[in-house]
Amino acid sequence: MPDSFPSARVLRVILVDDDAARATAVESRLRDVGFDVLSVIPTASGLLYQMAQQEPDVVIIALDSPDRDVLESLSIASGHNPRPVVMFSESGDQRFITDAIRAGVTAYQAEDISPERVRAAIDIAVAQFSAFNELREQLDDTRRQLEDRKLIEKAKGLLMQTHGAGEEEAFSTLRKLAMDKNRSLGETSRDVIAILERTTVKGKKP
């Protein structure tokens, strides 16, 4: 699913609610305010299948007595294709709430679901999900940059060691190789390291 949710886009929703009358009211409210309700299911037993088949943008869970099965399904789904999940429950204790967040619940509402509040809860979950994704992407970029720097320094060291090049010359060589092959400095450095390390190992053989 995309990292952002344009206001003009109709969000696709799966609702899990074990109270039939309440589910009908909530579904009606969701449709009235512009959501596309893909399905309404009474238990979490079929949630994983429904999520895989219908690929919703948002999942709403309103179970009077949520159990570990729903958390397991959410954990599996979040590992493959994370999305905003809103859970309403008055019965969850602090430990359950913590486990729910770890399993992929974006916004936990410690109250009974109501048609009037469901839109606001979804808006909060979508905003939190987008903010988390942005932060995760920033952390991933930082990790990649650090890894690239390590690779570049190692490749420079090997070039200096095997070819007697100075540091500036070694870096210029890496940069030229990257430009010639239209690859990043990190990718080029990884290739150079692999080649030079193989050459070094062969050179040490009697």
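Here is a yes/no grid of residues against (1) closer than 14 Å to Arg12 by Cβ; (2) exposed (fewer than 14 other Cβ atoms within 10 Å of the Cβ):
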{"site": "Val40", "(1), (2)": "yes, no"}
{"site": "Thr43", "(1), (2)": "no, yes"}
{"site": "Met51", "(1), (2)": "yes, no"}
{"site": "Glu55", "(1), (2)": "yes, yes"}
{"site": "Val58", "(1), (2)": "yes, no"}
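What residue, among those in the range 74-88 that are modelled with pLDDT under 85 and of a type in the set (S, T, N, Q), is least open to solvent (accessible area, probe 1.4 Å)? For the range 74-88, the residue satisfying everything is Ser78. Restricted to the range 91-101, and to residues there that are open to solvent by 40 Å² or more (accessible area, probe 1.4 Å) and free of Cβ contacts under 8 Å to residues at least 24 places away in the same chain, the residue that is nearest to Met51 (Cα to Cα) is Ile101.
Could you grab the pairs with beta carbons closer than 6 Å, sequence gap of 6+ or different chains, first residue in the range 160-186 and free of Cβ contacts under 8 Å to residues at least 12 places away in the same chain and over 18 Å from Lys150 (Cα atoms), second one open to solvent by less than 100 Å² (accessible area, probe 1.4 Å) and part of a helix (DSSP H, G or I)? From residues that are free of Cβ contacts under 8 Å to residues at least 12 places away in the same chain and over 18 Å from Lys150 (Cα atoms), the pairs are Ala165/Leu159. When Asp67, Asp32, Asp36 are checked against the criterion of being in contact with a strand residue (DSSP E or B) (Cβ under 6 Å, 6 or more places away or on another chain) and over 15 Å from Ala121 (Cβ atoms), Asp36 stands alone in meeting it. None of Leu151, Leu159, Leu146, Leu74 is within 30 Å of Ser189 (Cα to Cα), within 24 Å of the chain's Cα centre (by Cα) and aliphatic (A, V, I, L, M) except Leu146. When each of Ala125, Ala110, Ala131 is tested for being under 25 Å from Leu30 (Cα atoms) and touching a helix residue (DSSP H, G or I) at 6+ places or on another chain (Cβ under 8 Å), the lone residue that passes is Ala110. Taking the range 31-62 as the range and being over 19 Å from Tyr108 (Cβ atoms) and of a type in the set (A, V, I, L, M, F, W, C) as the test, the residues that pass are Val33, Phe35, Val37, Leu38, Val40, Ile41, Leu48, Ala52. Has the range 3-16 got any residue that is within 18 Å of Val126 (Cα to Cα), open to solvent by 70 Å² or more (accessible area, probe 1.4 Å) and among the aliphatic types (A, V, I, L, M)? Yes, there is a match, as at least one residue in the range 3-16 is within 18 Å of Val126 (Cα to Cα), open to solvent by 70 Å² or more (accessible area, probe 1.4 Å) and among the aliphatic types (A, V, I, L, M). Of all residue pairs spaced 6 or more apart or on separate chains, those with beta-carbon atoms under 8 Å, a first member in the range 102-131 that is more than 13 Å from Leu11 (Cβ to Cβ) and open to solvent by 60 Å² or more (accessible area, probe 1.4 Å) and a second member that is outside any helix (DSSP H, G or I) and of a type in the set (Ser, Thr, Tyr) are Ala110/Ser89; Gln128/Thr106.
The values are calculated or read from the model by the stated rules, or taken from the named source; none is laboratory data. Note that the structure is a prediction, hence the values are computed from the model and not measured. FYI the Cβ positions are ideal-geometry reconstructions off the backbone, even for glycines, and counts take in every protein chain you see. Heavy atoms of the whole protein, side chains included, go into the accessibility calculation; ligands, DNA and RNA do not. Shrake-Rupley method; radii C 1.70, N 1.55, O 1.52, S 1.80 Å.
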